[in-house]
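J.: The structure's right below; bear with me while I get my questions together.
The values are calculated or read from the model by the stated rules, or taken from the named source; none is laboratory data. Values in this document were obtained by computation on a predicted structure and should not be read as measured data. A quick note on method: Cβ atoms are made from the backbone with ideal geometry, for glycine too, and the neighbour counts reach across all protein chains shown.
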Amino acid sequence: MYVAGVRALVEPSFWLGQPRTSPASFYDYFDALLGWEPFRAAQHGIAHHCTLALNPKEANDPRCLPVLDELPRYLVKDGVVAVGEIGYDAMTPAEDTALSAQLQLAADHGLPALVHTPHRDKAAGLARTLDVVHESALPTDRVLLDHLNETTVRAATDSGCWLGFSIYPDTKMDPDRMVRVLREYASERDRILVNSAADWGRSDPLKTRHVGEAMLAAGFTDDDVDQVLWRNPVAFYGLSGRLDLDVEDTTPQATHEGNSILRGAPVTTATRATEEGR
């Protein structure tokens, strides 16, 4: 990621790929997003932030609901730049409750919200999402609607929210489709964010780089690329007042709670520069 040009990232909390069976597993996960992951990213020259939430998929499991009561103690942490991902998976009453509660938490803590629109029945899911957002205390200009595509972008544009597109190898959006959306909705480019992923499914964290390359090949300027891949994300997550793009200065031998990232050759600034030169 560093060699590809990544200098900062926001990692949203979400499903692990199998159901959690207790709230404690969330808390360990949140601690990792606030401790180990920023350390690991800094060792490679990347500034790390996160968003925290009870995700939509697990909002349906009563065993996980105590997480909503514990979230406030995590949302005050410096590395947290939004509440998320929240929103819908199967569009159940339990998800309604979790979304509403966490939008209120975002308003209470002065944080923006990263909202996951559902993968199935997307138009109805977006409409239901916007109903809850409009009933909440959080202004729409502090809400990012993610996982948009060609079927939902118009309604999302009319909502006043920020517009998020996640780029995947096989699902959701791909770089060429993203370029077409950027061309069609050029007037909205100042609130469009392009995301990649490194999650439990088939994904590729370098898809943001691929979108930038596709934009340039299609005639977009360097400034256009910088806007959707850097300036817009910085503007949105900067609403938290916590976005710090300076990378913590760590030595390759540094440890986090006794653990290091060292596997084979140490990671050094010289090593990164050599890799980038390749």
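J.: Do we find that ALA127 is more than 25 Å from LEU245 (Cβ to Cβ) and part of a helix (DSSP H, G or I) in this structure?
T.: So ALA127 fits the description; yes.
Yes/no per residue for (1) over 24 Å from LEU130 (Cα atoms); (2) touching an Asp or Glu at 6+ places or on another chain (Cβ under 8 Å):
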position	(1), (2)
TRP162	no, yes
PRO175	yes, yes
ASN195	no, yes
ASP204	yes, no
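J.: Just one of ASP244, ASP204, ASP199, ASP170 is touching a Ser or Thr at 6+ places or on another chain (Cβ under 7 Å) and assigned to a loop (DSSP other than H, G, I, E, B); which is it?
T.: Just a single option satisfies the conditions, and that option is ASP204.
J.: What number of residues in the range 208-232 are over 21 Å from LYS172 (Cα atoms), in contact with a Leu (Cβ under 8 Å, 6 or more places away or on another chain) and not hydrophobic (A, V, I, L, M, F, W, C)?
T.: 2
J.: I need the full set of residues from the range 178-196 which are assigned to a loop (DSSP other than H, G, I, E, B) and either more than 18 Å from the chain's Cα centre (by Cα) or surrounded by fewer than 20 Cβ atoms within 10 Å (Cβ to Cβ) (or both), in order please.
T.: TYR185, the sole residue that qualifies.
Per-residue answers, yes or no, for (1) without any contact (Cβ under 8 Å) to a residue 60 or more places away in the chain; (2) within 15 Å of the chain's Cα centre (by Cα); (3) more than 20 Å from SER166 (Cα to Cα):
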residue	(1), (2), (3)
ALA8	no, yes, no
ALA32	yes, no, yes
LYS57	yes, no, no
GLU70	yes, no, yes
LEU75	yes, no, yes
ILE86	yes, yes, no
ALA90	yes, no, no
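J.: Would you confirm, using the coordinates I've provided, whether VAL211 is among the β-branched types (Val, Ile, Thr) and not in a helix (DSSP H, G or I)?
T.: In short, no.
J.: From the set of residues in the range 178-205 that are under 22 Å from HIS116 (Cβ atoms) and out of contact with any Phe, Trp or Tyr (no Cβ under 9 Å at 6 or more places or on another chain), which is modelled with the lowest pLDDT?
T.: ALA198
J.: Let me ask you something else. Within the range 56-97, can you find the residues that are crowded, with 24+ Cβ neighbours inside 10 Å and either part of a loop (DSSP other than H, G, I, E, B) or polar (S, T, N, Q) (or both)?
T.: Passing the criteria: PRO56, TYR88.
J.: Being surrounded by fewer than 23 Cβ atoms within 10 Å (Cβ to Cβ), in contact with a helix residue (DSSP H, G or I) (Cβ under 7 Å, 6 or more places away or on another chain) and part of a loop (DSSP other than H, G, I, E, B) is the filter here; which residues of the range 105-116 pass it?
T.: Matches in the range 105-116: HIS109 only.
J.: Still on this structure: Only one residue in VAL179, VAL132 is touching a helix residue (DSSP H, G or I) at 6+ places or on another chain (Cβ under 8 Å), of a type in the set (Val, Ile, Thr) and more than 27 Å from GLY5 (Cα to Cα), so which one is that?
T.: VAL132
J.: Further, regarding this structure: Could you pull out the residue among ASP146, ASP223, ASP158, ASP170 that is within 22 Å of ALA123 (Cα to Cα), free of Cβ contacts under 8 Å to residues at least 24 places away in the same chain and not polar (S, T, N, Q)?
T.: ASP158
J.: Please count how many residues of the range 148-177 are aliphatic (A, V, I, L, M) and over 17 Å from the mean Cα position of the chain (by Cα).
T.: The total comes to 3.
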